[in-house]
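Encoded as structure tokens, the structure appears first; notes follow it.
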Amino acid sequence: MKELAYRDALNYAPIDVIKGMDLVTKEIVGADDKAPAGYEAMPKCKFCKNYTADDETTGVCEASMNKPKFMAYGDMSAGKCEMFEMKKE
Ligand code: SF4
């Protein structure tokens, strides 16, 4: 996986929109700071193989059975989506 921002990493607990805690080091870090190499990505639509980005923030869920297929936000949590599959790099 390419470089991750903390806000996209599993080992990150947000405190507010700009900062949170690195759950490995217990340090307070910026949400947009680069997470250390090897940190896993949080399940989000933008990391799903079914997601086609239209722009930086929105896209389409290709697994949708609706016509037209439904719009998805890249940052939407996919923890409860049964169709989520992590994109391979
Ligand atoms: S399958 Fe689920 S996680 Fe993947 S893009 Fe569609 S809604 Fe998001």
Dipole magnitude of the chain about its Cα centre (Cβ charges: Lys, Arg +1; Asp, Glu -1), debye to nearest 20 | 280 debye
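Just need the relative contact order of the chain here, percent rounded to a whole number, with Cα pairs under 8 Å and 6+ apart. Write out the running numbers ahead of the final one.
Working: 160 pairs, mean separation 22.1, N = 89.
Result for the chain is 25 percent.
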Long-range HN-HN contacts of Gly74 with modeled amide H, under 5 Å = Thr58, Gly59
Taking the alpha-carbon set of the chain, what are its Rg and Dmax in Å?
-> 14.0, 46
Under a cut-off of 21 Å between alpha-carbon atoms, report the lysines in cross-link reach of Lys87, not counting same-chain residues fewer than 8 places apart.
-> Lys2, Lys34, Lys44, Lys46, Lys49, Lys69
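In nm, what is the difference between 0.36 nm times the number of residues separating Lys2 and Ile15 and their Cα-Cα distance?
Values: separation 13, 0.36 × 13 = 4.68 nm, distance 2.45 nm.
Gain on stretching Lys2 to Ile15: 2.2 nm.
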Using a 10 Å cut-off on Cβ atoms, rank the peptides 21-29, 63-71 from the highest mean neighbour count down.
-> 21-29, 63-71
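No lab work stands behind these numbers, since they all come straight from the coordinates. Keep in mind that this is a model prediction, so the values were computed, not measured. Cβ atoms come from the backbone with ideal geometry, glycine included; neighbour counts cover every protein chain shown.
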